[in-house]
Amino acid sequence: GTEMNFFKGNRLSIDFSYYNNHVYDQIMSVQLTQPSGATSIKLNAGDVQNWGYELDLNATPIQSGSLRWDMTLTMASQHNKIVELFPGLPQKVITNVGHGVQVLAREGERSGNIYAVGPRTVEGGEFAGRAVVEPGGISYVLDDQEEILTGNIYPDFLGGFSTNLSYKG
C-alpha cells in the first residue's frame with residue numbers, strides 16, 4: 001500500500017492498499033448421511049484465496065479563515081476463489097434459498113455464486129425451447145441440472161462519499 005499527501009496542509013491525500021492472501025483450514029460444518037447417526041461434523045478444511053484493493057481519497061477544496069470543506073471518497077473491491085474445500089467435497093451449500101435456488105461454495109469458483117435449477121424445456125417440435133408446465137399449470141417442471149445465475153451475494157465494488165462543511169470550528 002501507499003499513502004501520499006499533497007499541497008500545503010495536506011489538502012489532498014491518497015491512501016491505496018492492495019492485498020492478496022490465502023485462508024487455510026477454516027472451520028466448516030459438513031453434512032453427513034442419515035445412516036451415520038449424526039447430521040454434521042465440524043472440520044478444519046478449505047483453502048480460499050482473497051485479493052482486492054482499497055482506495056481512500058481525501059480533499060479539502062476550501063480552507064480559508066473560518067470556512068473549511070472536507071470531502072472523502074472511499075472505494076473497495078474484493079475477489080475470491082475457492083481453491084479447495086475438503087477431499088471428496090467439491091461444493092458446500094452456504095444457504096438454501098428455496099424453489100431450487102442455492103448459494104454454493106464450489107472448488108475453482110468464486111464464493112457466493114447463486115445457482116438455480118431452471119425449468120425443463122421441450123426438445124423438438126413446434127414447442128421446442130419452451131418451459132414444461134406441471135399439470136394444473138401452476139408451476140414449471142424443474143430440470144435436473146443446476147446452472148449458475150449471473151449473480152453473486154458479494155458485491156463487485158463498494159464505495160462511499162462523505163463531506164463535511166464547518167464554519168468557525
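Which longest uninterrupted range of the chain lacks any GluC sites (Glu not before Pro) assigned by DSSP to a loop state (not H, G, I, E or B) and surrounded by at most 16 other Cβ atoms within 10 Å?
The reported range is 1-106.
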Checklist line | Whole-angstrom gap from region 1-75 to region 92-161, using each part's C-alpha centre | finding: 30
Next item on the list: Take the chain, connect every pair of alpha-carbon atoms lying under 10 Å apart with a spring to form a Gaussian network, then pick out the residue of G136, G159, G151 with the largest mean-square fluctuation.
Entry: G136
Checklist line | Diffusion constant of region 23-169 at 25 °C, which comes from Stokes-Einstein with the Kirkwood Cα-pair radius and 0.890 mPa s, µm²/s | finding: 122
Check: Using modelled backbone amide H atoms (1.01 Å from N, in-plane), which distant-in-sequence or interchain residues come within less than 5 Å of E109's amide H?
Finding: I82
Note to self: What is the percent carbon and sulfur in the accessible area of region 18-145, measuring with a 1.4 Å probe over the protein chains and ignoring ligands?
What the structure shows: 54
Check: In whole percent, what relative contact order does the chain give with Cα contacts below 8 Å and a gap of six or more residues?
Finding: 18
Notebook entry, point to check: When the chain is treated as a GNM, springs tying every alpha-carbon pair under 10 Å, which of G137, G98, G108 comes out with the largest mean-square fluctuation?
Noted result: G137
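Can you tell me the length gained on complete extension of the stretch S162 to E54, counting 0.36 nm per residue apart and subtracting the Cα distance?
My answer for the length gained is 37.3 nm.
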Check: Rolling a 1.4 angstrom probe over the protein heavy atoms, how many square angstrom per residue are accessible across region 17-169?
Finding: 68
Next item on the list: Rounded to whole Å and sorted largest first, list the principal axis extents of the Cα atoms in region 1-110.
Entry: 77, 30, 20
Margin query: Can you tell me which of L55, L67, L12 moves the most in a GNM of the chain? Springs connect C-alpha atoms under 10 Å apart.
Written below: L67
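The values are calculated or read from the model by the stated rules, or taken from the named source; none is laboratory data. Keep in mind that this is a model prediction, so the values were computed, not measured. All Cβ positions, glycine included, derive from the backbone under ideal geometry; neighbour counts span all protein chains shown. SASA here: full protein model, heavy atoms, side chains in, ligands and nucleic acids out. Shrake-Rupley method; radii C 1.70, N 1.55, O 1.52, S 1.80 Å.
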